[in-house]
Amino acid sequence: MGSLYSEHLTWLHRVPAAIKLLFFAVLGTVQFLLQGRTALIISALACGLMFASLGRATLPARKLLVSVLLAALLIMAFHTYLQQAWVGIASALRLSSAALLGIALTLSTRTRDLLDVFERLLLPLQGLGIRTERLSLQLAMMLRFTEHFFVAWKRLDDAHRIRTGKAGGLRLLAPLTIKMLMSTRKAADTLEIRLGE
């Protein structure tokens, strides 16, 4: 599977995964708790500046950024139509900020490092008889397939653009779905073989 992780090292790559995860989780939560317009705008700008500071490392996620921007614009348009302009702006700012934080974490942190953090966090649950290795595996699969979805989408769009000179858009939905189903089936077969050993 592909990965959105950027090999172009930035200052954020040097921050331990646990600290990044904690900081981004707190900042993302604060974004949804803020009610004041000024505070929300400043917080969103801070997220945007932090993301921009990663420079060339953000290039693998440019198509993902475009989709986030389109979603934010659609939300704003919908709420403006309902005569709730500020609700739309606030929702768009929160969505964009949360997406930027998540993408920055993905670009600057290896999946293995994130899983190590999750495994340490889940360790106390073993005392309750919970098989934390299964939870860790589920988290690993979720992270990998989320990344794989966007990487596969980008590759299909690039191939379509080379053939036709145009973006794939909704035409890519069917081949992307087939590709993802094939990938999940392959991963399931591999897991079944390994767990059965």
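The values are calculated or read from the model by the stated rules, or taken from the named source; none is laboratory data. Given the structure is predicted, the values throughout are model-derived calculations rather than measurements. FYI the Cβ positions are ideal-geometry reconstructions off the backbone, even for glycines, and counts take in every protein chain you see. What goes into the accessible areas is simple: the full protein's heavy atoms, side chains included, and nothing from ligands, DNA or RNA. Shrake-Rupley method; radii C 1.70, N 1.55, O 1.52, S 1.80 Å.
Results, tabulated for the structure shown:
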quantity	calculated
Test: residue in region 57-70 that is farther than 17 Å from ALA92 by Cβ and without any contact (Cβ under 8 Å) to a residue 40 or more places away in the chain	yes
Test: GLY102 is under 19 Å from LEU45 (Cα atoms), surrounded by fewer than 18 Cβ atoms within 10 Å (Cβ to Cβ), among the small types (Gly, Ala, Ser) and in contact (Cβ under 8 Å) with a residue 12 or more places away in the chain	yes
Any hit, region 72-91, residues being farther than 27 Å from GLY36 by Cβ and either open to solvent by 20 Å² or more (accessible area, probe 1.4 Å) or touching a residue at least 40 places away in the same chain (Cβ under 8 Å) (or both)	no
Residue that is farthest from SER96 (Cα to Cα) [pool: residues in region 1-14 that are aliphatic (A, V, I, L, M) and open to solvent by 40 Å² or more (accessible area, probe 1.4 Å)]	MET1
Pick from region 169-197, criterion modelled with pLDDT under 75 and under 18 Å from LYS63 (Cα atoms), ranking: surrounded by the most Cβ atoms within 10 Å (Cβ to Cβ)	GLY169
Region 40-88: number of residues that are of a type in the set (S, T, N, Q), within 30 Å of ASP157 (Cα to Cα) and part of a helix (DSSP H, G or I)	2
Scan of region 23-39 for residues that are farther than 28 Å from ARG155 by Cβ and either outside any helix (DSSP H, G or I) or touching a residue at least 12 places away in the same chain (Cβ under 8 Å) (or both), ordered by number	LEU27, GLY28, VAL30, GLN31, PHE32, LEU34, GLN35, GLY36, ARG37
Any hit, region 73-85, residues being β-branched (Val, Ile, Thr), touching a Ser or Thr at 6+ places or on another chain (Cβ under 6 Å) and closer than 25 Å to GLY168 by Cβ	yes
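Conditions tested, residue by residue: (1) hydroxyl-bearing (Ser, Thr, Tyr); (2) over 19 Å from ALA188 (Cα atoms); (3) at pLDDT below 70; (4) open to solvent by less than 60 Å² (accessible area, probe 1.4 Å).
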| residue | (1), (2), (3), (4) |
| --- | --- |
| ARG131 | no, yes, no, no |
| PHE149 | no, no, no, no |
| ARG155 | no, yes, no, no |
| ALA159 | no, yes, no, yes |
| ALA167 | no, yes, no, yes |
